[in-house]
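One structure is given here, and the rest of the page talks about it.
Values in this text are rule-based calculations from the coordinates and carry no lab data. Only a predicted model underlies this, so the values are computations on that prediction, with no experimental measurement involved. Here the Cβ positions follow ideal geometry from the backbone for every residue, glycine too, while neighbour counts run over all protein chains shown.
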């Protein structure tokens, strides 16, 4: 039987500020059985979850097709996310957590703030253009009807009616 006093963080060995971490997350079907739980100190727990989100995101953007040639991965976006991942790992070594006592986000490095916009495929661009055209037409019709007076003349606020 594990007592509260014998618990330690599986990553760094700290004994204070412990939380229970689900190895297989509940949203993925993991349960609350002891075999699916491990102790992590709060900083290591935050680090683990940040890593669990950043790694799949990086893999996802590496496979996105873009441009007319259907190239895979957008080098500028991939580079920024790789930098975020590198900073996250660098800032949260076991030694750094012991020294600092807290988790450190990659966000303290300003270079990780700007994720270049995603380059859209030609199909996405054409779909957006069609949607923009429909919106402009709907807005024109709305304002035309709104400005039309009962007698067939137009009334536009701040402009002389005709």
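What the table below lists for this structure:
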{"item": "Cα centroid separation - region 1-56 against region 127-143, whole Å", "result": "50"}
{"item": "Where only C-alpha atoms are counted, convex hull volume of region 4-119 per residue in Å³", "result": "109"}
{"item": "Efficiency of FRET between residue 23 and residue 108 - r from beta-carbon atoms, R0 41 angstrom, step 0.05", "result": "0.90"}
